[in-house]
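A.B. asks: Got a structure here, written out as structure tokens. Questions coming.
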Amino acid sequence: MNTGAHTRMALVASAVLAAGSLAACSGSDGDSSAEAVPHVGLMHVGKDHVPSSLDSLTARLEELGWVDGESIKLTWRNLEDKAAAETQADVFVRQGVDLIVAFEDGSIRAAQAATAETQTPVVFLHPQDPVRAELVESLASPQSNLTGVFGPRDLVSKHLERYAVMVPGIDRVLTLVNPEDDGTTAPLEETRVAAKRLGIELAIREVSNASDIQQVFRSLRPGEVDAVIILSPSLRLYFTALTLRLAARAKLPVQAHRKEWVEKGALFSYGMALKPLGTAGARFVDSILDGTPPSELAVEELPEVEFALNLAAARRLGIKIPQEMIILADIVYR
Amino acid sequence: MEQSSAIRARPRRRLIRKYVALVAALVVAALLTSGLTELYFSYQDNKEALFRIQSEKAFSAAATIDQFLEPLVREIEDVARPPMESGTRGRDERELNYLRLLQRATEVIQVSYLDASGRECLRVSPDELTIRGCRRDLSTQPRFRGARAKDTYYGPVYFRRDSQPHMTISVAESGSGRGVVAAEVDLRYVDTVISQTRVGTAGYAYAVDSRGRLVAHPNTNLVLTRTSLASLPQVAAALEGTAPEARSVTIGRDLDGREVLSAFQTVDLLDWRIFVEEPLSEAFAPLNSTIKRTALLLILFLALAVGTSVVLGRRMAKPIETMQAAAERIGAGALDQRIDVSSNDELGALAGEFNRMVERLQESHVDLEQKVDARTRALATALSELDEKSRELESASRHKSEFLANMSHELRTPLNAIIGFSQVLRERMFGDVNAKQEEYLDDILSSGQHLLALINDILDLSKVEAGQVELDVAPFSLREALESGVVMVRERATQDGVHVELAADPEVDVVTGDERRIRQVVFNLLSNAVKFTPTGGAVGVRTARVNGEVRVSVSDTGPGIASEDRERIFEEFQQTKAGIEQREGTGLGLALSKRLVELHGGRIWVEGDEGHGSTFVFTLPASPV
């Protein structure tokens, strides 16, 4: 599925979400004819994109015999923010869905809270760390109504390492952090350690909104920093596009957390490969719908990482990417 | 009549039962043979098929794991060669090679280079900073020593974050340096292969290492808890090498102790054993269904066979029943009866023969009837004549008896006068008599008395024969009658020196009969006994109750009676040789006694051998006469 299709799906999903919410409030499930087939609610926070794991998930489900509209009813909801996620999770629970598939931490936390009482099964896809986030007791034995699949955690040290290889003479990296974001502390600490080992200085700037970010870029002196890293998850979620625009104006390379942003101008991304996660997640949905309790399905950790590179951006910035890096890249935008 | 019906009915039932039993037995035997044969071969085929499937699944899983590992090892071997250049460039080349390995083989999550002395000089992974520079000493670790010893080393399975199975594969570099490349490999694929290897609905696969410890199992918890299956018989046999390798199946047990059909295959590279197992209950479920189906068919066909045999049996037995019924009627005299069996077989032929036989029987019967009629008529004539003669004889006998009675009376009167006057003269009531006269008087008296006794006996006998004797039946004491008889003969016995003894059974006393006649019989027997017993002899009288009748015996020690005389002496005027010599008796006493005893419904006979005395026995019935 291409990006355009994702956007259309997101728009349609928003409209359906509104209608679905209304229907749920009026006490109707909105489609009594589908009672015979399992109903699965899928949710994600971040309307700027649709996770690529969604396509691989539904494709694999079809291979397993779960065809949307025939043998299964899939309800996709891409949500604006945390509050919308919490509301939607409640709606799913009230609708009595058989299963919720939650993508990424924002929607996973909302689904966990909403199903605490009903113990509706939840399959999570690519949380940062399911044990640290207390989604499960252990990977081998979840002991919870949540289970699922996740990839390598935020590889912040590797981001710095890749910068060090690809941007010759890199000394200082602008590191944008949101102090109000709980997900900032651990990666920041890791980044600090990595930077020290790599001999890179971090120019850490605390921001929490668009004007803060604009202010940071306005205040940058030429040559003050050599590259940009968006560290806090909340900043990545809401301000990647803005950061890209501002960095381009400042002729600074940006490391993004997804290949989609690389396509839109970031220099590179290096992180978990989402498609395999969606494929793996389908097995959990299949097993649970077949009657296996989620507490008996060990959480799966996939090691696959994806390295995307934008050579056009590098050219614009005057960066000569070493040939071996180009060879190592899984996706190269030229 | 009922017994006769039962006898007639029994063979009919037996015949049908025999038919039914025979046909049913034949059908059951055929079905059982066929069913059991089919079941046996079905069982063998089923078993073979199951064995083949499981063996192939195990083989396939092991081959898949081999196919997963072999290229992976080759990839590692590809990077396990010294760089073309030395120094920093050489190090960069090695790092780049490792990065490429990580890119190509996503299962490899970390690659390390250990130099010839075992120090880790480079570590590359997708999620951690690359470590450069020789610091950690890993020379004592198996990953280094193993690779140096055998070129390629496969470490034990371990679990990262207690979840994903991993393994270290290290390969010694070629060339003079002999460094070692150690790769950490994600074995999730192996886990997936094992999890996806299934037989039926309850069958499963698992893998154990060379020590029997689980390395992959659908139940991850068992793997994570380092469960050892070495104690399972099939695992122990496989590890010891006693179980035949590949494409063989044994009956083993699972962790719950249930019997399972188990096949295994060795993964050569790792020395693992891949087991594919299925619970016996499920594996042989189709066979159980076949057994049930066969049993159902057997019951069905058995019922059909019994039904058919009943119908056939009835059809076969009906002509026989018809013949039997006809034979019964013919046996009851209906000789005009014929058997109506028209079947053109042995039974029809039998019926025809039977009918012909009855025809001949009927002809014989008619002939016989005619002969019987003729004989009957002749017999009737003879009987009529006999009757006439009998009546004449009876009349003659009656006239004889009447004559004898009259003659006896007429004879007794003058005889009484002779006896009476002889006695008077003998007692000298009319004057003295001389010795010669006295002698003649004694002869007259003796002859008169003998003649009188003879006449009395003749009179009695004739009365009996004429049916003029009527018994005066009443209860009386037999003992007293016997004592009386003994008293009457005792004087004579004493004179002759004969001892007379009465031994009456105290149980036998009162009997029913004509006391006077019984006394007459007893006296007769006693007087005979005393008469024929020589001096010094003995006469004994005994009574006893034998078989409900009273038995009286009079025995003596006299000359005995010859066997040829034993019947004769009870006839009129018949005497033994001794009797004739004794010149005593009339020859009518025993004949009269016999008549009197028989009038009482009893019997009289004599026992004992000649020369050893004799015993006269008579009986009286226990019941009243």
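A.B. asks: Could you do me a favour and compute the accessible area per residue for chain A, 1.4 Å probe, result in Å²?
C.D. replies: Working: 14070 Å² over 334 residues.
Value for chain A: 42 Å² per residue.
A.B. asks: About its Cα centre, how strong a charge dipole does the protein assembly as shown have in debye, to the nearest 20, once Lys and Arg get +1 and Asp and Glu get -1 at the Cβ? Don't skip to the answer; put the middle values down first.
C.D. replies: Working: 108 positive and 134 negative charges, 993 e Å.
That gives the protein assembly as shown a dipole magnitude of about 4760 debye.
A.B. asks: Take B:Glu128, B:Glu353 and sort them by solvent-accessible surface of the protein heavy atoms, 1.4 Å probe, largest at the top.
C.D. replies: The ranking, largest first, comes out as B:Glu353, B:Glu128.
A.B. asks: To continue, here is another question. Using only Cα atoms, what is the ratio of the radius of gyration of the range B:215-318 to 2.2 N^0.38 Å? Can you show the working numbers first?
C.D. replies: On the way: Rg = 24.4 Å, N = 104, 2.2 N^0.38 = 12.8 Å.
Output field value: 1.90.
A.B. asks: Which semi-axis lengths, in whole Å and largest first, follow from the square roots of five times the eigenvalues of the Cα gyration tensor of the protein assembly as shown? Numbers along the way, then the final one.
C.D. replies: On the way: eigenvalues 4258, 243, 166 Å².
Taking √(5λ) for each Cα gyration eigenvalue gives 146, 35, 29 Å.
A.B. asks: If you don't mind, there's one more thing I want to ask. How big is the C-alpha Rg of the range A:48-145 next to the rule-of-thumb value 2.2 N^0.38 Å, as a ratio? Spell out each step's value before the answer.
C.D. replies: Working: Rg = 13.5 Å, N = 98, 2.2 N^0.38 = 12.6 Å.
That works out to 1.07 for the range A:48-145.
A.B. asks: Same structure, new question: Apply 1/(1 + (r/R0)^6) to the Cβ-Cβ distance of B:Leu287 and B:Glu353, taking R0 = 51 Å, and write down the FRET efficiency to the nearest 0.05.
C.D. replies: 0.30
A.B. asks: While we're here: Roughly how big is chain A's charge dipole about its Cα centre, with Cβ charges of +1 (Lys, Arg) and -1 (Asp, Glu), in debye to the nearest 20? The partial results should precede the final answer.
C.D. replies: Numbers: 32 positive and 44 negative charges, 395 e Å.
Here chain A has a charge dipole of around 1900 debye.
A.B. asks: Any idea of the accessible area per residue across the range B:283-358, 1.4 Å probe, to the nearest Å²? Could you put the intermediate results ahead of the total?
C.D. replies: Details: 4790 Å² over 76 residues.
Each residue of the range B:283-358 exposes 63 Å² on average to a 1.4 Å probe.
A.B. asks: What are the semi-axes of the equivalent ellipsoid of chain B, taken as the square roots of 5 times the eigenvalues of the Cα gyration tensor, listed largest first and rounded to whole Å? Display every interim value, and only then the final one.
C.D. replies: Numbers: eigenvalues 3892, 307, 54 Å².
They are 139, 39, 16 Å, listed largest first.
A.B. asks: Can I ask one more? Restricting to DSSP H runs of at least four residues, report the calculated mean residue ellipticity at 222 nm for chain A, -39500 (n - 2.57) per run over all residues, nearest 500 deg cm²/dmol.
C.D. replies: Values: 12 runs with 145 residues, N = 334.
Calculated at 222 nm, the ellipticity per residue is -13500 deg cm²/dmol.
A.B. asks: Given the C-alpha atoms of the range B:98-160, compute the convex hull and give its volume per residue in Å³.
C.D. replies: Working: hull volume 6.7 nm³, N = 63.
Here the figure is 106 Å³ per residue.
A.B. asks: How far is it, in nm, from the label point at B:Val546 to the one at B:Gln103 when both lie 7 Å from their Cα along the line to the Cβ?
C.D. replies: 14.0 nm
A.B. asks: Return a whole-number percent for the relative contact order of chain B, with Cα pairs under 8 Å and 6 or more residues apart as the contact set. Don't skip to the end; give the middle numbers.
C.D. replies: Numbers: 928 pairs, mean separation 54.0, N = 625.
After rounding, I find 9 percent.
A.B. asks: Follow-up question, since we're still on this one. Over the range A:197-301, with a single point scatterer placed on each C-alpha, what log10 of the ratio I(q)/I(0) does the Debye formula yield at q = 0.13, 0.14, 0.19, 0.23 1/Å?
C.D. replies: Log10 of I(q)/I(0), two decimals: -0.61, -0.67, -0.94, -1.24.
A.B. asks: Using just the helices of chain B, give the 222 nm mean residue ellipticity in deg cm²/dmol: DSSP H runs with n ≥ 4 each add -39,500 (n - 2.57), and the total is spread over all residues, rounded to 500. List each step's numbers first, then the result.
C.D. replies: Values: 14 runs with 345 residues, N = 625.
Helix contribution divided over all residues of chain B: -19500 deg cm²/dmol.
A.B. asks: Next question. Would you be so kind as to list the residues of the range A:138-162 that have their accessible area lowered by at least 20 Å² in the full protein complex compared with their chain by itself (1.4 Å probe)?
C.D. replies: Relative to the lone chain, where solvent access is computed with a 1.4 Å probe, the range A:138-162 loses at least 20 Å² at A:Leu139, A:Ala140, A:Arg153, A:Leu155, A:Ser157, A:Lys158, A:Glu161.
A.B. asks: Quick one: length gained pulling A:Glu63 to A:Arg316 fully straight, 0.36 nm per residue minus the C-alpha distance?
C.D. replies: Numbers: separation 253, 0.36 × 253 = 91.08 nm, distance 4.30 nm.
Between A:Glu63 and A:Arg316, full extension yields 86.8 nm more.
A.B. asks: Now for a different question. What is the calculated FRET efficiency for B:Glu439 to B:Arg391, with r their C-beta to C-beta distance and R₀ = 51 Å, to the nearest 0.05? Don't jump to the answer; show the numbers that get you there.
C.D. replies: Details: r = 52 Å, r/R0 = 1.02.
The calculated FRET efficiency here is 0.45.
A.B. asks: Pop out the ³J(HN,Hα) list for the range A:274-281 in order, Karplus 6.51 cos²θ - 1.76 cosθ + 1.60 with θ = phi - 60°, rounded to Hz; leave Gly and Pro as x.
C.D. replies: Coupling constants for the range A:274-281: 7, 4, x, 5, x, 4, 5, x Hz.
A.B. asks: Need the full-extension length gain, B:Leu368 to B:Ala622, defined as separation in residues times 0.36 nm minus the C-alpha distance. One decimal, nm. The partial results should precede the final answer.
C.D. replies: Values: separation 254, 0.36 × 254 = 91.44 nm, distance 4.81 nm.
That pair, B:Leu368 and B:Ala622, stretches by 86.6 nm at full extension.
A.B. asks: Looking at the range B:356-461, which GluC sites (Glu not before Pro) are in a loop (DSSP not H, G, I, E or B) and have at most 12 other Cβ atoms within 10 Å?
C.D. replies: Working: sites: B:Glu359, B:Glu363, B:Glu369, B:Glu385, B:Glu388, B:Glu392, B:Glu394, B:Glu402, B:Glu410, B:Glu427, B:Glu438, B:Glu439; in loops: B:Glu427.
For GluC sites (Glu not before Pro) across the range B:356-461 that sit outside H, G, I, E and B with at most 12 neighbouring Cβ atoms in 10 Å, the list reads B:Glu427.
A.B. asks: Could you put B:Glu120, B:Glu607 in order of accessible surface area, largest first, with the 1.4 Å probe and the full protein assembly present? Intermediate results must be reported in sequence, preceding the final value.
C.D. replies: Values: B:Glu120 10, B:Glu607 80 Å².
Order by accessible area, largest first: B:Glu607, B:Glu120.
A.B. asks: Modelled label-to-label distance, A:Thr292 and B:Arg315, 7 Å Cα→beta-carbon offset: nm?
C.D. replies: Output for this residue pair reads 6.5 nm.
A.B. asks: Here's something else I'd like to know. Give the separation of the Cα centroids, the range A:296-334 to the range B:475-540, in Å.
C.D. replies: Using only Cα atoms, the two centres lie 156 Å from each other.
A.B. asks: Tally up the carbon and sulfur contribution to the accessible surface of the range A:117-157 as a whole percent, 1.4 Å probe, everything protein left in place. Don't skip to the answer; put the middle values down first.
C.D. replies: On the way: 570 of 1420 Å².
Carbon-and-sulfur percentage of accessible area, whole number: 40.
A.B. asks: Another question about this same structure. Tell me, what is the FRET efficiency for B:Glu501 and B:Glu402 to the nearest 0.05, using R0 = 51 angstrom and their Cβ-Cβ distance as r? Intermediate results must be reported in sequence, preceding the final value.
C.D. replies: Details: r = 43 Å, r/R0 = 0.85.
The calculated FRET efficiency here is 0.75.
A.B. asks: So, one more: Just to be sure I understand the model, the point goes 7 Å from the Cα along the line to the Cβ. What's the resulting B:Ser447 to B:Asp432 distance in nm?
C.D. replies: Distance between the two pseudo-spin positions: 2.7 nm.
A.B. asks: When Cβ neighbours within 10 Å are restricted to other protein chains, what is their mean count per residue of peptide B:98-111? Numbers along the way, then the final one.
C.D. replies: On the way: counts 0, 6, 3, 0, 3, 6, 0, 0, 6, 2, 1, 4, 1, 0.
Counting Cβ atoms of other protein chains within 10 Å of each residue's Cβ and averaging gives 2.
A.B. asks: Given a 1.4 Å probe and every protein chain left where it sits, what share in percent of the accessible area of chain B is carbon and sulfur?
C.D. replies: Details: 18260 of 34140 Å².
With neighbouring chains kept in place, the figure for chain B is 53 percent.
A.B. asks: Kindly report, to the nearest 10 Å², the accessible surface of B:Tyr189 as traced by a 1.4 Å probe over protein heavy atoms only.
C.D. replies: So the heavy atoms of B:Tyr189 present about 100 Å² to solvent.
A.B. asks: Can you give the Kirkwood hydrodynamic radius of the range B:148-193 from its Cα pairs, in Å with one decimal?
C.D. replies: Kirkwood radius, the range B:148-193: 11.6 Å.
A.B. asks: Next question. To the nearest 10 square angstrom, how much accessible area does A:Asp290 have with a 1.4 angstrom probe?
C.D. replies: 110 Å²
A.B. asks: What number comes out for accessible area per residue over the range B:140-273 if the probe is 1.4 Å? Units Å², please. Mind dumping the intermediate values first?
C.D. replies: On the way: 5820 Å² over 134 residues.
Per residue, the range B:140-273 has 43 Å² of solvent-accessible surface.
A.B. asks: Follow-up. Tell me the GluC sites (Glu not before Pro) within the range A:152-240 that lie in a loop according to DSSP and have at most 13 other beta-carbon atoms within 10 Å.
C.D. replies: Numbers: sites: A:Glu161, A:Glu180, A:Glu189, A:Glu190, A:Glu201, A:Glu206, A:Glu224; in loops: A:Glu180, A:Glu224.
For GluC sites (Glu not before Pro) across the range A:152-240 that sit outside H, G, I, E and B with at most 13 neighbouring Cβ atoms in 10 Å, the list reads A:Glu180, A:Glu224.
A.B. asks: Using a 10 Å cut-off on Cβ to Cβ distances, tally the other chain neighbours for every residue of A:296-303 and report the average as a whole number.
C.D. replies: Numbers: counts 3, 1, 9, 3, 6, 6, 4, 15.
Taking the mean over all residues of the peptide, I get 6.
A.B. asks: May I ask you to list the trypsin sites (Lys or Arg not before Pro) in the range B:90-136 that are in a DSSP loop and have at most 13 other Cβ atoms within 10 Å of their Cβ?
C.D. replies: B:Arg135
A.B. asks: Give the B-A buried accessible area in Å², both sides summed, 1.4 Å probe, nearest 100.
C.D. replies: Chains B and A together bury roughly 2100 Å² of accessible area.
The values are calculated or read from the model by the stated rules, or taken from the named source; none is laboratory data. Treat the numbers as computed from the prediction; the structure is a model and nothing was measured. We place every Cβ from the backbone using ideal geometry, glycine too, and count neighbours over all the protein chains shown. Side chains included, ligands, DNA and RNA excluded: accessible areas come from the protein's heavy atoms. Shrake-Rupley method; radii C 1.70, N 1.55, O 1.52, S 1.80 Å.
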